[in-house]
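Below: one structure, written as C-alpha cells.
No value in this document is a laboratory result; all are computed from the given coordinates. Bear in mind the structure is a predicted one, so any value in this text is a computation, not a measurement. Using ideal geometry, Cβ is built from the backbone for each residue, glycine included, and neighbour counts are taken over all protein chains shown.
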Amino acid sequence: MERKVCLIAGGMSHWGVRQASQRDMFQEAAKACFDDNPMVTNKDIDGLLVASAYTERCSFQTHLAPLVAEYIGVKPKNICARVELLCASGSSAIILATGLIKAGMADVVMIIGGEKLYVPQKWEVFYSELASVDHDWDGAQGLGLPPPAFAMVAQQHMKKYGTRKEQLALVSIKNRRNGAQNPKAQFQQEIDMDIAMNAKNIVPPLTLFDCCPITDGAAAVILASEERARDLTDKPLVYVLGTGQATLNNMSANMPSWTTWEALKIAGQQAYKAAGVGPDDIDVAQTHDCFTISEIIEYEDLGFCKKGEGGAFIEAGESDFGGKIPINTDGGLLSCGHPFGGTGVRQAIEILKQLRGDARRQVEGAKIGLSHNLSGFIAAHTVLIYGRE
C-alpha cells in the first residue's frame, strides 16, 4: 500500500540583500524549521535534498548537499542530493522527496533551498542568468533575461484579451500589502495605484513594481511518512495530496502561444487528478508571480477563472482575502523576493501555516492549498496540492 506523506515543519531565513553567506542562510533556515516544530530533531532526518540553481556561479560551491548536511547538523543515511530546476528547484525537491517517502526509501526528509545572489556586485547575477537559456541559440538571438520575454507576454495578453496596465498593478498592490506583514520578506512596504502606475519603466508595459527582485535567502521544510508524522508533530497533519510537473519546451520563443501556458495546464491537471480535487476546491494558493502578468495567466491556466479573464479576476478582488481564492498570501515573489532554489520551499511553508491555521494573515477555514512554480522562460511548471486532515 502506498504510504501517505505529510508536511510537518517549515522555516526560512530573512530574505533580501544580505551580508550573510550562502552557508549562513542555510543554517538560519534550518534552525527556523526545527524551531517551528520542536518535536522533530536533527537526529530524525534520514534524507536531505538541497535546492540551489546558482551555487557554482554565485558561491563558487558545487557538491553542495553533503556540505549543507554538515552545516545544519544532519546525517542523512538514505538520500543526500542536490536538485536544480532554476526557479522550481525547491518545489521539484518536494516532489522528489514525496516520491522517496511513498516508495519507502526514506521516512523523514528535509528539503532546504536557497541562493546567495548579491555577490559582490549586482550585475554579476544578471550576467549569470544568461546561463539559464540555450546560450548557443536563444542567447545569441538576444533572449537572455526574463523582463523582455515577460514584457512580450504582457503585450500579447493585453492585445488579445484587453488586459490593462492597472490590472497588472493590482497584482503588485495586493502582494505588497500581504508582504507588509511578513517579517521575513525582502519588501515590507505597501504601495498604491499611483506609485505602481508611475514607477520606473523596466521593459514596457512592465515597470519596477511589476517585477520581482533577485534575493539572498533560504527556506526549509520537513516531510515525513504519515506514521512518523504522527510521532513528530502535535499539530494538524498536512498531507501532500497530489503533484504535477510538465515541460513542453526550453524557451518561450518556441511556445505556440505566450498567453496560454500548456505545460502549466498539464501540470495542474496532473495534480488535481492525483489529489482528487478541482480548481474550485482550492482554499488558498501560492503562484509564481515573478511578474504581475505571470500571476494573471496563472489564474487562468490553473482554472481559477476562464481564459482571458485574469485581469477581471484580480480587479474584482477574487484573488485577495475575502475573494474566491486568496493567492500569494505571504506577499509572493513580488514582496518576499526570489532566491531561485528557495521559492518553492517558501511557498510550501505558507501553505503549511495556512492549513494548520497559524498563518500571519490567515485564510479562515483553509483546508486545501496549492503551490505553483514556473522555471526558466516559462519552460517548466510544477504544481503541488496539500490538504489538512
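With Cα atoms as the point set, the range 266-385 shows a radius of gyration and Dmax of 13.0, 35 Å.
Note on the range 1-112: the alpha carbon radius of gyration divided by the globular reference 2.2 N^0.38 Å gives 1.04. Within the range 39-84, the ratio Rg/Rh, alpha carbon atoms throughout and Rh by Kirkwood, equals 1.02. Cβ crowding within 10 Å, taken as a proxy for footprinting-reagent exposure, orders 325, 222, 112, 214 from fewest neighbours to most as 214, 325, 222, 112.
Mind listing the phi-derived Karplus ³J(HN,Hα) values for the range 225-238, rounded to whole Hz, using 6.51, -1.76 and 1.60 with θ = phi - 60°, and x for any glycine or proline? Once rounded to whole Hz, the list reads 4, 4, 4, 5, 4, 5, 8, 10, 8, 10, 9, x, 6, 10.
Decide, for the range 304-371, between rounded, prolate and oblate: order the square roots of the alpha carbon gyration tensor eigenvalues as a ≥ b ≥ c, take rounded if a/c falls under 1.5, and otherwise choose prolate if a/b is larger than b/c, else oblate. Oblate is the answer for the range 304-371, as a/c is 1.5 or above yet b/c matches or exceeds a/b. Here the relative contact order of the chain, from alpha carbon pairs under 8 Å that lie six or more residues apart, stands at 26 percent.
The string of couplings for the range 124-130 from the Karplus curve (6.51, -1.76, 1.60, θ = phi - 60°) is 4, 5, 5, 5, 5, 5, 4 Hz, one whole number per residue in order, with x for Gly and Pro. Using only alpha-carbon positions in the range 186-286, the gyration tensor eigenvalues give semi-axes of 34, 24, 14 Å once each is multiplied by 5 and square-rooted (largest first). Beta-bridge orientation, the chain: approximately 70 percent antiparallel, per DSSP, counting only bridges with both partners inside.
Listed by Cβ neighbour count within 10 Å, with the fewest neighbours leading, 212, 80, 336 appear as 80, 212, 336.
Taking the number of other C-beta atoms within 10 Å as the exposure measure, put 41, 343, 55 in order starting with the fewest.
Values: 41 12, 343 35, 55 23.
Ordered by Cβ neighbours within 10 Å, fewest first: 41, 55, 343.
For the range 97-211, what D do you get in µm² per second when you plug the Kirkwood radius from alpha-carbon pairs into Stokes-Einstein at 25 °C and 0.890 mPa s? Numbers along the way, then the final one.
On the way: Rh = 17.5 Å.
D, rounded to a whole number, is 140 µm²/s.
P(r) for the range 265-313, from all Cα pairs and a bin width of 5 Å, is 4, 22, 29, 28, 13, 4, 0 %, short bins first. With respect to the cross-link table entries 4/367; 4/77; 165/273; 159/265, which display a Cα-Cα separation exceeding 25 Å? In this structure, 165/273 exceed 25 Å between Cα atoms.
For the range 120-161, what does the alpha-carbon gyration tensor say about shape, rounded, prolate or oblate, given a ≥ b ≥ c as the root eigenvalues, a/c under 1.5 as rounded, and a/b over b/c as prolate? The shape class here is oblate.
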